[in-house]
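The values are calculated or read from the model by the stated rules, or taken from the named source; none is laboratory data. Note that the structure is predicted; figures quoted are calculated from it, not measured. Here the Cβ positions follow ideal geometry from the backbone for every residue, glycine too, while neighbour counts run over all protein chains shown. For accessibility, only protein heavy atoms count, side chains too; no ligands or nucleic acids. Shrake-Rupley method; radii C 1.70, N 1.55, O 1.52, S 1.80 Å.
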Amino acid sequence: MLSKSEVQKIANLARIEITGEEAEKYSRELSDILGFVEKLNEADTEKVEPISHITGAKNVTREDKVIEASDETKERMINNFPEKKDRFDKVKAVF
Amino acid sequence: MIRELHKKLINQEITSEQLTSDYFDSIEKRDPQIEAYISLNKEFALDKARAVDGKIKNGEEVDLLAGIPCSIKDNICIEGLPVTAGSKILENFVAPYDATVIEKLKKCDAVFLGKTNLDEFAMGSSTENSAYQTTKNPHDISRVPGGSSGGGAAAVAAGMCAFALGSDTGGSIRQPASLCGIVGLKPTYGAVSRYGLIAMASSFDQIGPLAKSAEDAAIVFSKISGRDRLDSTSMNMAEKKYEDLLGGADISNLKIGVPKEYFSEGGLDGGVKNLVEKAIEKYEKLGARVVEMSLPSGDYALATYYIIMPCEVSSNLARFDGIRFGQSVEKEKTEDNLVLSDIYFKSRAKYLGREVKRRIMLGTYALSAGYYDQYYKKAQKTRSLIKKEFEEAFKKIDLILGPTAPTPAFKIGEKTENPLEMYLADIYTVTANIAGIPAISIPAGSVRIEDKELPVGLQLMGKWFDEETLLNAAHVFENS
């Protein structure tokens, strides 16, 4: 069972603000789901390697070549900034 | 359906403009009730349709999909159009580029009618998690269409587009196809580029068609599959026109396995079970060999999925932080003394929905220090187990048959209170995503509940990159 304070800690790691009431609800729901996935402990995986890629692709590389985005694409990306100054994404101070 | 429309278009019996307007008419008539579409692009669509009509008039050769009106799930980017992923955090976001599948369909001159509803970031099995609207099942509007591609499935079923593109992470194409009575194909992982699909769980996500028939699904799959340098997990495929490979009526060489575990699970509806058994008889009559088999590790599939998927979700959705795009409390200017971290915490709290937050937190927990081995690594091992079991199984058989979903469409609101209960809707579909194999849901009949005929889907799963056998078996079933 995840406690309310554990849920607060997880929410903090996930950068999501939650209220005390929400923490209580999430503690119940997440505990239910964690209880459900406990099932995996029954599986014998002693000699099994964890999977890395499902179709077996390995070290897929491509030429290190810049393909310039179109001007429209660039403008659209800039227009999607929540706050901007000229063509820069404007953000709050870190501290 | 696509072939017939194509014939009419090139014989100039109809124009794409007329066809497109007709679809908009039926959207106008039915969609206020069904709510399959989040946004429509009428001018954009009609322009394209007229351009195709021009080409045909000039005697130019056009693609099978040219002028054919379709819908696109609203987590796939079309340059210059809004894309919400069903989330408030992407309200007003405009896609800066085309997804590879869109670029490919544009080359075919397909007509995009609009963007369809989904559970927020494709997380759900009913569209009830959409931040915008709940789509209704066209067969009974008190019931869900399934999800997460419920908008696209309902649009196809209600005649509001000729076909749809959806995405499938744990069943999100096949389960709504089953509940709406249409065909839904989840291709092999890597068969279709994911570039421009808003990522949910990258090791499971695949884009695929929702359509009226296996042939239509084959046509669309031929157009959208193949290696793409912008998605390093996409694979080189032999260039095939899958639609031309159908019609091998002789399926006597086909060996179909039916896992006994699928019928021992308590949650399987009696009516669904009955229809799957009838389908088995039909395949036997058609000459296929049906054998009982066992997939014991399948028992771990849903638990494996509900660890790996949230882990990938927590990582993929970290980008929605109110800084570079999407909704942000930064725009609101209510509090002046906010620092950078406040923007993250408050934007995510305000604009992400409950199920999305739940999965982000679950994944964050499973990946956090001290729990990684217990959860993530363990699940990657059971994923190996499940994949191995399929590899062994496919040495002896060609296809695996079973139900797509445990029940027909359920009532709106029936499963929203208990997340775990909703997760069980994916019990038969997640294994294909875990193993990376292709799977298709095709209509198997219907059950009568409260005076309504509710469709039931049959699921076939095939070998890696063997969509040909899968589509052909579906096609034969449909046409006999």
Practice prompt. Show the residues, 5+ positions off or on another chain, whose built amide H is closer than 5 Å to the amide H of B:Y37.
Written response: B:N117
Response to the item:
Ordered by number, the GluC sites (Glu not before Pro) in the stretch B:297-381 that occupy a DSSP loop and have at most 14 other Cβ atoms within 10 Å are B:E332, B:E335
Worksheet item: Per the Cauchy relation, a quarter of the hull surface: what is the mean projected area of the convex hull of the alpha carbons in the stretch B:118-172, in nm²?
Response: 3.4 nm²
Worksheet, complete the sentence: Expressed as a percent, the accessible surface of chain B that is carbon or sulfur, using a 1.4 Å probe and the full set of protein chains, is 47 percent
Worksheet item: Can you give the percent of C-alpha pairs in the stretch B:218-328 whose distance is more than 18 Å?
Response: 75 percent
Worksheet item: Which residues of the stretch A:47-72 end up with at least 30 Å² less accessible area in the presence of all protein chains than when their chain stands alone, using a 1.4 Å probe?
Response: A:V48, A:P50, A:I51, A:H53, A:I54, A:T55, A:V60, A:R62, A:I67
Discussion item. Can you tell me how the stretch B:428-480 classifies by the Cα gyration tensor, rounded, prolate or oblate, using a/c under 1.5 as the rounded cut?
Written reply: oblate
Response to the item:
For chain B, the Debye formula with one identical point scatterer on each Cα and no solvent gives log10 I(q)/I(0) at q = 0.06, 0.08, 0.10, 0.14 Å⁻¹ as -0.25, -0.44, -0.70, -1.39
Response to the item:
The alpha-carbon pair-distance distribution computed for the stretch B:253-392, with 5 angstrom bins and whole-percent values, is 2, 8, 12, 12, 11, 11, 10, 9, 8, 6, 5, 3, 2, 1, 0
Fill in: For the stretch B:62-131, fraction of C-alpha pairs farther apart than 14 Å, in %
60 percent
Fill in: Buried on assembly, the stretch B:369-412 (at least 40 Å² less accessible surface than by itself, 1.4 Å probe)
B:Y375, B:K378, B:Q380, B:K381, B:S384, B:L385, B:K387
Fill in: Tensor-based shape of the stretch B:355-477 (alpha-carbon gyration tensor, a/c under 1.5 rounded, otherwise prolate or oblate)
oblate
Practice prompt. Express the accessible area of the stretch B:174-271 per residue in Å², computed with a 1.4 Å probe while the remaining protein chains stay in the model.
Written response: 31 Å²
Discussion item. Averaged over its residues, how many other protein chain Cβ atoms are within 10 Å of peptide B:226-238's Cβ atoms?
Written reply: 2
Item to complete: Starting with the highest mean, order A:57-64, B:178-185 by the number of other Cβ atoms within 10 Å, averaged over the residues of each peptide.
Response: B:178-185, A:57-64
Item to complete: Along Cα→Cβ, 7 Å out, is where each label goes; now give me the distance between the ones at A:E75 and B:K260 in nm to one decimal.
Response: 6.6 nm
Worksheet item: Within the set B:K212/B:K395; B:K388/B:K415; B:K55/B:K107; B:K282/B:K415; B:K8/B:K106; A:K25/B:K378, which residue pairs have Cα atoms separated by over 23 Å?
Response: B:K212/B:K395; B:K388/B:K415; B:K282/B:K415; A:K25/B:K378
Practice prompt. Would you mind getting the Kirkwood hydrodynamic radius of the protein assembly as shown from its Cα pairs, rounded to one decimal in Å?
Written response: 24.2 Å
Worksheet entry | Interface size A-B, as summed buried accessible area [1.4 Å probe, Å², nearest 100] | 5800 Å²
Fill in: Calculated P(r) tail over 15 Å for the stretch B:1-82, as whole % of Cα pairs
59 percent
Worksheet item: For chain A, which semi-axes, largest first and in whole Å, follow from the square roots of 5 times the eigenvalues of its Cα gyration tensor?
Response: 39, 30, 11
Fill in: Solvent accessible area, Å² - B:K346, 1.4 Å probe, full protein context
50 Å²
Discussion item. Relative to 2.2 N^0.38 Å, what does the C-alpha radius of gyration of the stretch B:120-263 come to as a ratio? Two decimals please.
Written reply: 1.10
Worksheet item: Tell me, what HN-Hα J-couplings in whole Hz come from the Karplus equation 6.51 cos²θ - 1.76 cosθ + 1.60 at θ = phi - 60° for each residue of the stretch B:192-205, using x for Gly and Pro?
Response: 10, 5, 9, 4, x, 8, 5, 5, 10, 10, 5, 8, 10, 4
Discussion item. Considering the Cα positions of the stretch B:35-192, please state its Rg to one decimal place and its Dmax as a whole number of Å.
Written reply: 15.3, 48
Fill in: In sequence order, calculated HN-Hα J values of the stretch B:416-425 (Karplus, 6.51, -1.76, 1.60; Hz; x Gly/Pro)
6, 7, 10, x, 4, 5, 4, 4, 5, 4
Discussion item. Give the average, rounded to an integer, of partner chain Cβ atoms located within 10 angstrom of each Cβ in B:429-440.
Written reply: 1
Fill in: Residue-averaged 222 nm ellipticity for chain B, from DSSP H runs of 4+ at -39500 (n - 2.57), nearest 500
-11500 deg cm²/dmol
Practice prompt. With a 1.4 Å probe and every protein chain kept in, tell me what percent of the accessible surface of chain A is carbon plus sulfur.
Written response: 48 percent
Worksheet entry | Accessible area expressed per residue, the stretch A:1-57, with surrounding protein chains retained (probe 1.4 Å, Å²) | 58 Å²
Response to the item:
Log entry: pair-distance distribution for the stretch B:146-187, C-alpha pairs binned every 5 Å from zero, whole % per bin is 6, 33, 38, 18, 4, 0
Item to complete: Could you calculate the FRET efficiency of A:I67 with B:A318 from 1/(1 + (r/R0)^6), where r is the beta carbon distance between them and R0 is 30 Å, rounded to 0.05?
Response: 0.75
